[in-house]
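First the structure, in the form of structure tokens, and then the observations on it.
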Amino acid sequence: MAITTEAPQASGNPPARFRSAEARGYKLSRGLRWFGGIDATVDEALMARIGRALRERDEPGAALAAAIQTRAGTPGHVSHAQLQQALRTGSPADAPDALRDFMELVNTVPGWVDWDQVDRGARLLARFGQNAADVLTQLSLIGGYRFGGVTDFLVATGGLTGGRTLRRLAETQFWTASLSKPGALAPGGEAWQLTVHVRCMHAIVNRGMEPKWDVDRWGLPVNQADQAGTLALFDATVLLGCRALGVAISEADAAAYMHMWHYVGWLLGVHPDFLTEDESERNRITYHLLLAAPDISEAGPQLSKAIFAVQADRDYRGWPKNGLRIRWEQERMLSMLTGFLGAESVRELELTPRPPWAFAYLIPLNTLRYRICDRLPGGERRREQWGRANIQRILESYFKGQAFGVGRLSQ
């Protein structure tokens, strides 16, 4: 990774969490090194950049969050209604400076964006269907709970715990589903609006939590290093996970998918140092983030058990109103978690490992779907239709009759 000269200089040394469990991170990166073809040599310049990034925020988002959280009636105040209107139709000429500047930034599409590639990546995400949902929940989300910092932040803010777990998962699924629609990431499109909304939410939460957060231990509540790690869980990690489930992905499709997420990461305010559409480079950055990551904290098992338990609250339409489908979903989840993370990690998360039997039926099934059926005339089109139908069913199971959407931004 080329370190950019304009990278902001964070004040102070890296927080205590930085490289505090490096040997564990190296051990947990074994699968990534093997399947991602990563050289285990440590790039100290990249590690130093990650250390600084733990104390860096999304500054344009922070400026908007400051304006949103000023008292109504104060000069420069930005209201929730003004922001939502700006996302839908653009900011008016008399908008507060902070809102106008922010909207000008996110509406200016970088010259490197190729809309054909973005739309091709969206269609690939749709074709993944249930596979992407499985990878994102188990390998990306729960797999990320093996480290402290972000998990402690989620528990502190109530994210993905308590009675809001199902709703938070539903909102994440809804945002991801929006990205699978060609054209939706163009400025003003549904996925564009939701992505910028997520950026604003992160900035507002960071501003509210920062004064009471142990920054010297964890870094900023929402920092550039963790943002880079989160982006990796959605781009290259999904490609690796889907391949592990037997999904065939061409180099051209993988490149388009990474290009789409490059633009999504830019919209989210991830620093250019951590943006890439090179899958190998993303895996290399992720490897170093794992080396820099802290050990598991008590928040990890708490969040993992909440995700596991909430599978019983979903609405599985078409199944009898008994525990059979719930038991199937939970056992399937434990089986896939064991296959993706290993039995030791599953136990660390205070869940019970299972033999990875789900892979025994998913790999042959996906081999048939993606390596044989997709090569027949109209195969990819049918796979995309199948994937979208799966996405719709997943959303319905989480929202349970409620309107699809994401939560309001706090003032």
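Of note:
- Dipole of the chain, positive direction: furthest Cα of ASN206, ALA244, LEU185, with charges on the beta-carbon: ALA244
- Karplus-derived HN-Hα couplings along the stretch 69-75 (A = 6.51, B = -1.76, C = 1.60, θ = phi - 60°), whole Hz, x at Gly and Pro: 8, 6, 5, 4, x, 6, x
- Residue order, fewest to most surrounding Cβ atoms within 10 angstrom, among SER335, SER280: SER280, SER335
- When +1 charges are put on Lys and Arg Cβ atoms and -1 charges on Asp and Glu Cβ atoms, the dipole computed for the chain relative to its Cα centre reaches about 1620 debye.
- Phi angles of the stretch 129-138 translate, via the Karplus equation with coefficients 6.51, -1.76, 1.60 and θ = phi - 60°, into HN-Hα couplings of x, 4, 4, 5, 4, 5, 5, 5, 6, 8 Hz per residue; Gly and Pro are given as x.
- Residue-averaged [θ]222 nm for the chain, counting only DSSP H segments that reach four residues, each worth -39500 (n - 2.57): -18000 deg cm²/dmol
- Rg and Dmax [Cα atoms of the chain; Å; Rg one decimal, Dmax integer]: 20.8, 62
- Electrostatic tally near ALA62: other residues with Cβ closer than 14 Å to its Cβ, Lys and Arg +1, Asp and Glu -1, net -1.
- Share of Cα-Cα pairs in the stretch 204-337 lying beyond 23 Å, as whole percent: 53 percent
- Here the stretch 167-282 was treated as a single set of alpha-carbon atoms; its pair distances binned every 10 Å from 0 give 13, 40, 35, 11, 2 percent.
Values in this text are rule-based calculations from the coordinates and carry no lab data. Keep in mind that this is a model prediction, so the values were computed, not measured. Backbone-built Cβ (ideal geometry, glycine too); neighbour counts: all protein chains shown.
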